[in-house]
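Everything on this sheet refers to the single structure shown next.
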Amino acid sequence: MERILMALLLAISLSGCAILKAEPWPERGTGGFAEWTEITDERARTQMARLTKAREQGASVYAAADLVDADMLMQRIRRELAGGLVTDAAMDMGSLDEKLSLIESRIARSSILSRRGRRS
Amino acid sequence: MRIVERIAAVLFSFLISFATLAGEPETKLKIGDVLSIELPGEAAFGKPFQIDRRGVIQLPEIGEIHVKDETLASASASIRNALKHAFRDLDKLTVSLKEQKLLVSVHGYVKNPGNVELAADATVQMAIVAAGGLMQGAQLDRIQVKRTNGSSQEIDYKKYLDSGDMSLLPHLEPLDVIFVPASPLTGKVQIDFDGKTLAAAGDGGEERTAVKVFGEVNTPAIFAWKQGVTVIDMIMRAGGITRYAAPDQIRIINKGAPVIFNLASYLDSGDRKLLPDIEPGATIFVPKQVDEIRRGALTVYVMGEVAKPGAFETRDGATFIDILANAGGPTRFSDTRQIKIIRSNGKVEMFDLPSYTNGKSGAPPKVSAGDAIFIPEKSDTQEPSWLKIPSSRAVQVMGALYKPGRYEWSDDMSLFDLLAQAGGPTAHADISNIEIIRNEKDRAHPIRFNLETYLKGGGSLKDVPRIHGGYIVMVPELSQDPVDNKAQWTRQAPEKSIYVMGQVGAPGRYAFKDGLGFLDIITAANGPTGSADLRNIRVSHRGQAGARVTNVNLSLYLQTGDERLLPRVKSGDVVYVPDKNRESIDQPPSRMVRVLGAVTKPGRYQFTDDMSLLDLLAEAGGPTTDALQDRILVVNLSSGQSQAHAFDMLGFAKTGDISRVPVVRAGDLVYVPNKNQDEWRQLREEARDIVQAASLFSIISALGLK
């Protein structure tokens with residue numbers, strides 16, 4: 001009887017070793033809907049503010065496609081930040097900065113042209 | 001007594017006769033002689049008694065008595081004898097020769113023809129004068145004097161007039177008949193004409209010897225030949241040559257033998273050897289200049305549409321305008337824009353006279369001896385003979401014009417002039433692609449001109465291609481039907497086409513031109529189909545230095561209206577609208593998310609940042625029944641920071657906690673494991689196997705122990 005119990009214990013321990021030898025399941029991820037949450041990163045917050053200001057200044061008229069791209073980028077950055085992809089978020093923030101600068105310059109140029117048009 | 005009277009009379013007659021013989025020779029009375037018969041106391045005498053044409057005189061109371069050819073003495077005796085019957089005391093009768101007269105007749109071309117009474121020594125000239133003089137048209141060199149004995153003598157009265165030689169005129173005798181003939185030039189019809197006309201007609205009365213001078217002389221006529229006369233004399237008599245005469249080609253026929261006389265050479269050299277003799281009956285013909293081919297060291301030829309074409313002698317300093325003016329100037333039928341100067345060395349130069357007169361071109365060409373100036377005829381646009389315009393002066397206009405054809409060209413004209421002359425482009429003309437083929441050195445070089453852009457936007461006139469003679473202008477035609485143009489696709493040049501492929505209503509090859517846009521061609525192709533992937537329309541830009549492809553997100557354009565999203569397309573570009581339902585293996589991985597494992601439709605899916613993991617799973621048909629739904633794995637692939645996270649879909653569905661949804665980006669991987677991959681389950685199954693094995697081993701051992 002003891003021998004039986006010994007063999008049983010030996011088999012169970014061997015099975016446990018086999019299972020323990022497998023990769024562990026990763027942690028649960030987040031950030032999939034981070035655009036619905038608050039922005040915690042300072043740089044991202046600044047960019048969001050620029051984006052909001054650009055929209056208020058008529059970016060949807062003077063740089064509509066760029067505004068869509070910027071919105072997309074902003075959403076991606078917020079997801080990446082929330083999902084822990086900090087490096088990728090930093091790179092995308094660089095792209096967003098360029099896009100925001102482009103939008104702002106177009107808004108400025110369009111406002112000058114519209115003022116000239118009103119004068120003439 | 002009577003006997004005594006007779007003896008006395010005979011004695012008297014003898015004495016008279018003797019006295020006459022002793023004093024002067026006895027002359028016989030002639031017709032016309034005038035006798036003086038005196039008888040004192042008788043009034044019937046004392047007047048002259050002229051011997052009339054019959055040779056008689058009329059004596060009073062007696063009548064006629066013939067005294068012609070009698071001597072004066074015999075005549076006196078005869079008179080005395082006749083008078084003794086009617087008169088007494090005839091001793092005092094005296095008969096003397098008072099004077100001698102000449103009775104002749106003048107007929108023919110004299111003013112008062114008839115009998116004339118002349119002095120005894122009168123000449124033919126006096127007779128003619130007595131007859132009133134010559135009439136115009138009298139032939140002077142053939143005046144005839146006819147005697148009573150029937151003889152006739154012809155005299156050259158003109159020669160007498162020229163020389164004064166009296167011997168040329170015959171001594172007239174009574175009853176001579178002088179006949180003045182009419183010149184043959186007077187013709188057979190009597191007309192009154194003046195001396196000028198008569199002189200102009202010449203004086204050649206004798207056809208056998210007269211010299212005929214005609215052609216380019218001022219008064220062609222027949223002239224009398226004279227010994228020693230020269231061709232110069234005859235030409236001078238004919239009034240000299242006209243300005244149209246060819247003085248170097250004067251033709252003379254002497255006794256049937258032709259001779260060419262070069263008056264110009266004679267005048268240049270003065271060599272009398274060059275002067276041919278003129279034989280009686282010679283013919284002199286002075287031809288026209290144009291009848292002969294003139295050539296010389298100083299000759300310039302003017303041909304074509306001028307008033308007086310021909311060869312002209314030029315001198316140093318004579319300009320083109322001088323020569324043209326001497327030729328009478330261009331006629332109204334001339335095309336003065338295309339004057340050709342054919343040089344003596346064979347080269348041809350063009351000259352535009354209207355352009356010169358308008359001050360647009362420089363000096364007229366210098367014309368040298370041996371050159372030829374040709375003024376062509378102005379061609380009519382309706383002229384059926386197109387061969388009259390050489391290729392160098394014509395432009396061929398073809399294609400979609402109302403009046404295509406071959407048009408005469410002048411470099412003063414422009415392309416617009418030509419198109420207007422051709423009736424202008426038709427409604428189907430593609431004026432944005434006018435092709436101009438210019439010929440240079442037997443090679444054709446095409447030029448393309450966008451008339452539509454020029455007309456809309458304007459521009460410098462220098463931008464308009466210059467047209468020259470020999471060019472070809474082609475105005476292409478637009479495709480009649482852009483959809484069904486298979487039969488005519490070869491007529492559409494590739495460089496004028498744009499290609500539309502993929503998910504559009506009517507893919508194909510479309511005529512395209514500058515000014516049209518991306519939406520134009522998409523719309524022309526009936527727009528995208530329902531399965532078109534509007535986010536990934538691709539435009540391949542051809543004809544550039546390098547390859548360039550633009551990805552067009554038409555969906556975003558339709559969403560935002562931002563024109564900057566639409567690419568600038570040109571002829572030759574290719575537009576491809578992909579199918580969104582097609583497995584997009586050609587999509588780059590950076591735009592795709594791979595969904596693997598226990599899902600209904602595993603595969604690659606397009607992913608944009610506005611999508612989420614839930615969208616992906618839905619796109620992939622959702623997890624299968626054996627999916628391990630609480631451990632869906634998301635692998636974020638990145639060059640700098642790759643990581644994996646799990647997603648508990650079951651837990652998310654139960655709670656709705658959005659923070660439990662992991663981030664997914666394009667390029668990431670989603671793996672949905674199945675339940676067999678759960679470790680605890682594996683552990684349970686393995687434990688169950690072990691227990692079963694142990695149970696079996698225990699049973700066997702127990703049986704063995706017993």
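Every number here is computed from the coordinates shown, using simple stated rules; none is lab data. As the structure is a computational prediction, the values presented were derived from the model and not from experiment. Quick reminder, even Gly has a Cβ in these numbers, built from the backbone with ideal geometry, and neighbours come from all protein chains shown.
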Exercise. Hey, got a sec? Which trypsin sites (Lys or Arg not before Pro) in the range B:33-90 land in a DSSP loop and have at most 16 other Cβ atoms within 10 Å?
Worked result: B:53, B:54, B:84, B:88
Problem set entry | Pairwise FRET efficiency - residue A:43 versus residue A:116, Cβ, R0 = 45 Å, nearest 0.05 | 0.80
Exercise. Between the range A:39-59 and the range B:135-155, what's the alpha-carbon centroid distance in Å?
Worked result: 146 Å
For this session: Based solely on C-alpha atoms, express the radius of gyration and the Dmax of the range B:240-337 in angstrom.
Result: 16.9, 56
Exercise. If you line up the long axis of helix B:72-83 against the longest principal axis of chain B, both from Cα atoms, how many degrees apart are they, to the nearest 10?
Worked result: 70 degrees
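Taking the convex hull of the alpha carbon atoms in the range B:294-451, what volume per residue do you get, in Å³? Can you show the working numbers first?
On the way: hull volume 22.1 nm³, N = 158.
Per residue, the Cα convex hull of the range B:294-451 comes to 140 Å³.
Quote the FRET efficiency, to the nearest 0.05, computed for residue B:428 versus residue B:387 with a Förster distance R0 of 30 Å and r equal to the Cβ-Cβ distance.
Numbers: r = 32 Å, r/R0 = 1.05.
Efficiency computed from Cβ-Cβ geometry: 0.40.
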For this session: Find the centroid of the Cα atoms in the range B:527-555 and in the range B:404-432, then give the distance between the two in whole Å.
Result: 39 Å
For this session: Please work out how much length the chain gains when fully extended from residue B:230 to residue B:349, using 0.36 nm per residue of separation minus the C-alpha to C-alpha distance, in nm with one decimal.
Result: 38.1 nm
Seminar exercise, completed: The long-range amide H neighbours of residue A:30, using H built 1.01 Å from N in the peptide plane and a cut-off of under 5 Å, are B:663
Problem set entry | Distance (nanometres) between label positions extended 7 Å along Cα→Cβ at residue B:357 and residue B:90 | 10.6 nm
Exercise. Rounded to two decimals, what ratio of Rg to Rh does chain B give with C-alpha atoms and a Kirkwood Rh?
Worked result: 1.62
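Looking at the protein assembly as shown, I'd like the Rg to Rh ratio, where Rg is from alpha-carbon atoms and Rh is Kirkwood's inverse mean 1/r. It would help to have the intermediate numbers written out before the result.
On the way: Rg = 70.0 Å, Rh = 43.7 Å.
For the protein assembly as shown, the value is 1.60.
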Problem set entry | Rg over Rh [alpha-carbon atoms, Kirkwood Rh] for the range B:41-134 | 1.10
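Quote the convex hull volume per residue of the range B:553-622, based on C-alpha atoms, as a whole number of Å³.
Values: hull volume 8.4 nm³, N = 70.
Spelled out: Cα convex hull of the range B:553-622, divided by residues, is 120 Å³.
Gain in length, residue B:52 to residue B:610, computed as 0.36 nm per residue apart minus the alpha-carbon separation, to one decimal in nm?
On the way: separation 558, 0.36 × 558 = 200.88 nm, distance 16.41 nm.
Full extension from residue B:52 to residue B:610 adds 184.5 nm.
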Seminar exercise, completed: Dipole check, the protein assembly as shown, charges on Cβ (K,R +1; D,E -1), about Cα centroid: among A:110, B:617, B:644 the Cα furthest to the positive pole belongs to B:644
Problem set entry | Pairwise centroid distance, computed over Cα atoms, of the range A:64-118 with the range B:606-652, Å | 27 Å
For this session: Specify the angular offset, from 0 to 90 degrees and rounded to the nearest 10, of the alpha carbon long axis of helix B:2-23 from the longest principal axis of the alpha carbons in chain B.
Result: 50 degrees
Seminar exercise, completed: Output for the range B:541-574: trypsin sites (Lys or Arg not before Pro) sitting in coil per DSSP, at most 11 other Cβ within 10 Å, listed by number, reads B:568
For this session: Would you mind getting me the FRET efficiency between residue B:547 and residue B:369? Use the beta-carbon distance for r and R0 = 51 Å, nearest 0.05.
Result: 0.15
Problem set entry | Spacing of the two label points (7 Å from each Cα toward its C-beta) at residue B:44 and residue B:190, in nm | 4.4 nm
Problem set entry | Amide hydrogen neighbours beyond the local backbone of residue B:145, cut-off 5 Å, H modeled | B:153, B:154, B:155, B:179
For this session: Under 9 Å from the Cβ of residue A:73, count the other residues' Cβ atoms, weight Lys and Arg +1, Asp and Glu -1, and hand me the total.
Result: -2
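Local charge sum around residue A:52 (other residues, Cβ-Cβ under 12 Å, Lys/Arg +1, Asp/Glu -1)? All intermediate terms of the calculation are to be shown ahead of the outcome.
Working: positive: A:45, A:50, A:53, A:55; negative: A:56, A:71.
Net of charged neighbours comes to +2.
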Problem set entry | Ranked list, fewest to most other Cβ atoms within 10 Å of each Cβ, for B:85, B:66, B:445 | B:85, B:445, B:66
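Near residue B:167, within a Cβ-to-Cβ distance under 13 Å, what is the net charge of the other residues, with Lys and Arg +1 and Asp and Glu -1? Walk me through the intermediate numbers first.
Details: positive: B:159; negative: B:156, B:165.
Taking every other residue near residue B:167 into account, the sum is -1.
Would you mind calculating the gained length between residue B:676 and residue B:563 on full extension (0.36 nm times residue separation, minus the Cα-Cα distance), in nm to one decimal? Could you put the intermediate results ahead of the total?
On the way: separation 113, 0.36 × 113 = 40.68 nm, distance 5.32 nm.
Working it through step by step, the gained length comes to 35.4 nm.
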